[in-house]
Structures are given as C-alpha cells and as structure tokens.
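What follows is a set of notes on a single structure, which appears directly below.
The values are calculated or read from the model by the stated rules, or taken from the named source; none is laboratory data. If you're wondering where the values come from, they're calculated on a predicted model, not measured in any experiment. Cβ sites come from the backbone with ideal geometry, for glycine too, and all protein chains shown count toward neighbours.
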Amino acid sequence: MRSRIGLFSRPRISHKSRISFGHVEADECGGMNALLRAAPNTTVAFGALGCAVSIRDLADRPPHPVPDGDALDLGGRRVRFVATPHVPHNWEAQVLYEETTRTLLCGDLFTQAGRSRAIDDDVVTPALDAQASLASAAPGPAVPAVLRWLAELQPETLATMHGASFVGDGASALDSFATGWEARFGARGALSTLR
Ligand SMILES: [Fe+2]
C-alpha cells in the first residue's frame, strides 16, 4: 500500500478538489495526507462530527466540515454527506450519496467475501454471510436502523468498497438487508455469531 501511495508523492494535481471517505480506518483514509501533499489545492471534506473528533487532528490541512445531510456541488454532480454513527463502525462513520446518478457510496456496508458477482445479483445474502464471519459492525439496533434510513434515499446503485456493487432497486436491497440482519443476528448484532 505504501509503495502505491508513493505514486502520489510528487505534487501533480493542480485543480481545486475535495477528498472524502467513510470513516477513520487505514483502508478508508490511510492515504489522506499523501493525497493532500500531492494536491495542494485539495481539502478533506467530512461530516462535522468526524472533523471535530478526528479529522481536524489527523489531516495535515484543516478539513471542510459538512453538516449532516448537506450536499457539495461538484459541478454536474451533487454529493450528500449522510452521518451513520457507529454504522458499520466508528462514531464518525458516514456514507456519501451522489444525487444525480442516485449512487450510494456505501463503503463497508454490503461487504462480501470471495469472488465478485454480477452487479444485479443478490447482494444481501453474501453480505450477511460476510458479516457472520467478520462481525465488524456495531451490535444492537444501529445497523438495521441506518439501513432503513438509507433506503429512503432510493439509490439505484450501491457502490460497495469490498465486493461487487449492485445496480437495481437499492431501497429494497437495503430493506432486505435490515430485515435479514435482525433475523440472523438479533440484538447482539453479528457478535452473536462469535460466542
Ligand atoms: Fe471499515
């Protein structure tokens, strides 16, 4: 990973831009400061809570705090910042929703193990299977509650960080994931599969 970050070690990105991510974890934002060095006009945009608890201290330049639910206009695309506290993990967790293409950049949600599938396949069962072995998300009702909020956005693409993305009825997929989560893990979340 560090050798890949080296690709960004020389300043070569001149236009003004924003970078963002889902939560504080190496595979989400480990390259944040390398990108800031490579792109002097770039700022980290993140939810206001995350800026207050972590990003302001971790980032080499002051971040741009975005209030929950606000959108940044990127010119032809609008990215909404949706706070998802503790889901899948970490207090500052958020997802990004690109309103023009109805794309939910859902990070670790819908993580799948093994070979990737077609983008219109069932993503719920493999995501539940992966969670049963990883137990990476918060216990309690937070995960299904957030999945149902996100369903209200009615996304048409679920852009997943680990595994195949999904194109189709994203609201139904999110609702099914919430229902399956409660049925399979109950109040203890995926921790119930470990002990
Ligand atoms: Fe994560």
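Need a quick list: strands (runs of 3 or more DSSP E) entirely within segment 1-120 having at least 1 residues that are surrounded by fewer than 21 Cβ atoms within 10 Å (Cβ to Cβ), within 16 Å of the ligand (Cβ to nearest atom) and modelled with pLDDT of 95 or more.
Passing ranges, in order: 78-83.
Across segment 121-147, what is the number of residues that are assigned to a loop (DSSP other than H, G, I, E, B), more than 16 Å from the ligand (Cβ to nearest atom) and more than 19 Å from ALA159 (Cβ to Cβ)?
Here the count works out to 2.
Please name all residue pairs, on different chains or six or more residues apart, with Cβ atoms under 7 Å, provided the first residue is in segment 81-106 and is closer than 14 Å to PHE21 by Cβ and among the acidic types (Asp, Glu) and the second residue is at pLDDT 95 or above and within 12 Å of the ligand (Cβ to nearest atom).
Listed pairs, sorted by first residue: GLU92/HIS23; GLU92/VAL24.
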